[in-house]
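These notes concern the structure reproduced below.
The values are calculated or read from the model by the stated rules, or taken from the named source; none is laboratory data. Treat the numbers as computed from the prediction; the structure is a model and nothing was measured. Virtual Cβ from ideal backbone geometry, glycine too; neighbours counted across all protein chains shown.
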Amino acid sequence: MTPEAHVAALVARARTAQAAIDDCTQQQADDLALACAWAIMEPARNRALAELAVRDTGLGNVADKITKNHRKTLGLMRDLQGAKTVGVIGGDAARGVVEIARPVGVVAAITPSTNPGATPANKIINAVKCRNAIIVAPSPKGQSTAALLLEFVHAEFAKIGAPPDLVQVLPAPVTKEATFELMRQADLVVATGSQANVRAAYACGTPAFGVGAGNVAAIVDAGADTARAAALIARSKTFDNATSCSSENSVIIVDAVYEAMLAALAQAGGVLVTAEEKPRLQAVMWPAGKLAPAVTAQSAAKIAALAGLRRADYATGRFLLVEETGAGPACLFSGEKLSPVLTVYRARDFDDARERVRAIYAFQGAGHSVSYHGADDAHILDLGLHLPVARVIVNQAHAIATGGSFDNGLPFSLSMGCGTWGRNNFSDNMTYRHYLNITRIARPIPEVVPDLAGIFGDYHRRHGV
């Protein structure tokens, strides 16, 4: 069977299942989401998924994947609690407008090997909450985890009498041809992962949401609590061996606190690579100018060993520190590393730090987010006004905060839009609203026609007719 025919059979089953729930109640839609959430959150299942993910992808670590599966799903369910996705969901009586939620149909979910459990679960829950069917196209390495998640979802569906074909996964072996066919035949594509997959999603002819590249930079400003900043950065940088696109890749420290911050990073488990050792680390991380799979999402100790770095502190360090001055293709450490390796820059002051971030993002990471550690509200606002970023994360562990956290107001998500800066068509954290069509009923209201003076009067007074 050709990839086109095979995918067409999956999509046909998905359409039949979606039609069966098109008229379901809000409670039934909520139960679908709850079933899919419990499929990954039930502790024994969560552990099984985390262990399989690490075994088959070789990325990250089991304990942090268990935390991620639980925390991200629990946060999503908090956000979805009480959210209306069936029938009338809003409107404006004064404007005579009523809004009605409608499903988009069949969703193609492109998911990465870095988060083979949490990311599919997030997309599945959002999709079924909005009465859609969804077919997951995992990375080849993540297919086994997605397939096990599917088993758990179907077990929960059996309890509530939901059609199992609402949620499907491309079977192994997952190929580029099958993934592209799925994107082409679905009604909506939500793509998370490599930029190649995101570009393919945008080019497939189906409406698509795709995310931009991560390469987060953190600024440590004068007046920062360096011990706290270092602890937060270390927590974020080492979580799941830096599989997240939201992990810090560079830290730009203003001169006033540079030495104190380096000492705090060392206290938090950072090991500074010497100038003599730096070329050896670069050679093992980018053997042919591209980031090597051998170092992706591995421990700092393993990466150091691969590079032949033999000091005793490399065996016990949590993350590696590499000093850098430039940014761009000639300075590979200025890019995304997907590993517990953190590039360190020294800046004269805040303005210099901001411009160093701008230079880094001109190379990689524009649109995603920037991290700030300090207490200057004017500087925080300055970053939001002037840097090409969709999020400014203040005094938080970036990898945990940017996709939503219980102590900030961002929605929980594993897919962060990066706006036009990152070649995306949205700059939000992806939520259930992205999985809905909305029909609007417009009734007549009393006519209100403004006069020309009301619109142009002030302009003409200031600039002439």
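Some points to look at:
- Residue check, ALA375 in a helix (DSSP H, G or I), within 30 Å of THR238 (Cα to Cα) and either outside the structural domain of TYR202 (by TED's automatic domain parsing) or of a type in the set (Lys, Arg) (or both): no
- Test: residue in the stretch 13-29 that is of a type in the set (D, E, K, R), free of Cβ contacts under 8 Å to residues at least 60 places away in the same chain and within 22 Å of VAL128 (Cβ to Cβ): yes
- Index of the failed condition, ALA362 passing every other in (1) without any contact (Cβ under 8 Å) to a residue 40 or more places away in the chain; (2) surrounded by 24 or more Cβ atoms within 10 Å (Cβ to Cβ): (2)
- The residues in the stretch 389-431 that are among the β-branched types (Val, Ile, Thr), buried (at least 22 other Cβ atoms within 10 Å of the Cβ) and in a loop (DSSP other than H, G, I, E, B) can be counted, and the count is 1.
- Members of the stretch 61-120 that are touching a Phe, Trp or Tyr at 6+ places or on another chain (Cβ under 9 Å), of a type outside the set (D, E, K, R) and crowded, with 23+ Cβ neighbours inside 10 Å: THR73, LEU76, THR85, PRO103, VAL107
- Only one entry of ASP255, ASP221, ASP225 meets the criterion of being under 27 Å from LYS68 (Cβ atoms) and of a type in the set (D, E, K, R), and that entry is ASP225.
- Exactly one residue out of GLY210, GLY270, GLY214 is buried (at least 22 other Cβ atoms within 10 Å of the Cβ) and under 19 Å from LYS68 (Cα atoms): that is GLY214.
- Any hit, the stretch 29-36, residues being over 22 Å from the mean Cα position of the chain (by Cα), surrounded by fewer than 15 Cβ atoms within 10 Å (Cβ to Cβ) and farther than 16 Å from GLN168 by Cβ: no
- Summed over the stretch 214-235, the residues that are more than 15 Å from ARG348 (Cα to Cα), out of contact with any strand residue (DSSP E or B) (no Cβ under 6 Å at 6 or more places or on another chain) and not hydrophobic (A, V, I, L, M, F, W, C) give a count of 5.
- Within the stretch 330-370, tally of residues that are among the polar types (S, T, N, Q) and part of a loop (DSSP other than H, G, I, E, B): 3
- Evaluated against (1) under 22 Å from the mean Cα position of the chain (by Cα); (2) under 20 Å from ALA121 (Cβ atoms); (3) surrounded by fewer than 20 Cβ atoms within 10 Å (Cβ to Cβ); (4) not acidic (Asp, Glu), ALA172 falls short on exactly one condition, (1).
- Matching residues, the stretch 378-388, being over 22 Å from ALA230 (Cβ atoms) and either acidic (Asp, Glu) or outside any loop (DSSP other than H, G, I, E, B) (or both): ALA378, LEU381, ASP382, GLY384, LEU385, HIS386
- Residues satisfying the stated conditions in the stretch 212-243, i.e. among the hydrophobic types (A, V, I, L, M, F, W, C) and within 20 Å of SER334 (Cβ to Cβ): ALA213, VAL216, ALA217, ALA218, ILE219, VAL220, ILE233, ALA242
- The set of residues in the stretch 432-448 that are among the aliphatic types (A, V, I, L, M) and either farther than 26 Å from ALA203 by Cβ or loosely packed, with under 12 Cβ neighbours inside 10 Å (or both) comprises ILE438, ILE441, ALA442, ILE445, VAL448.
- Residue identified as in a helix (DSSP H, G or I), modelled with pLDDT of 95 or more and closer than 15 Å to HIS373 by Cα among ALA224, ALA229, ALA305: ALA229
- You will find that of ALA330, ALA300, ALA260, the residue that is aliphatic (A, V, I, L, M), in contact with a Pro (Cβ under 6 Å, 6 or more places away or on another chain) and assigned by TED's automatic domain parsing to the domain that holds LYS237 is ALA300 and no other.
- When restricted to residues that are among the acidic types (Asp, Glu) and surrounded by 24 or more Cβ atoms within 10 Å (Cβ to Cβ), the stretch 217-239 contains 0.
- Selection status of GLY205, in a loop (DSSP other than H, G, I, E, B), closer than 30 Å to ASN61 by Cα and not assigned by TED's automatic domain parsing to the domain that holds GLU355: no
- Residues located in the stretch 99-126, provided they are closer than 14 Å to THR192 by Cβ, touching a Pro at 6+ places or on another chain (Cβ under 9 Å) and not in a strand (DSSP E or B): THR111, PRO112, SER113, PRO116, THR119, PRO120
- Only a single item in (1) under 19 Å from the mean Cα position of the chain (by Cα); (2) of a type outside the set (A, V, I, L, M); (3) more than 18 Å from LEU10 (Cβ to Cβ) is not met by CYS130, and it is number (1).
- Exclusive hit being assigned to a loop (DSSP other than H, G, I, E, B) and assigned by TED's automatic domain parsing to the domain that holds ALA37, set GLY75, GLY82: GLY82
- Check on VAL153, in contact with a Cys (Cβ under 8 Å, 6 or more places away or on another chain) and either assigned to a helix (DSSP H, G or I) or farther than 23 Å from ALA20 by Cβ (or both): yes
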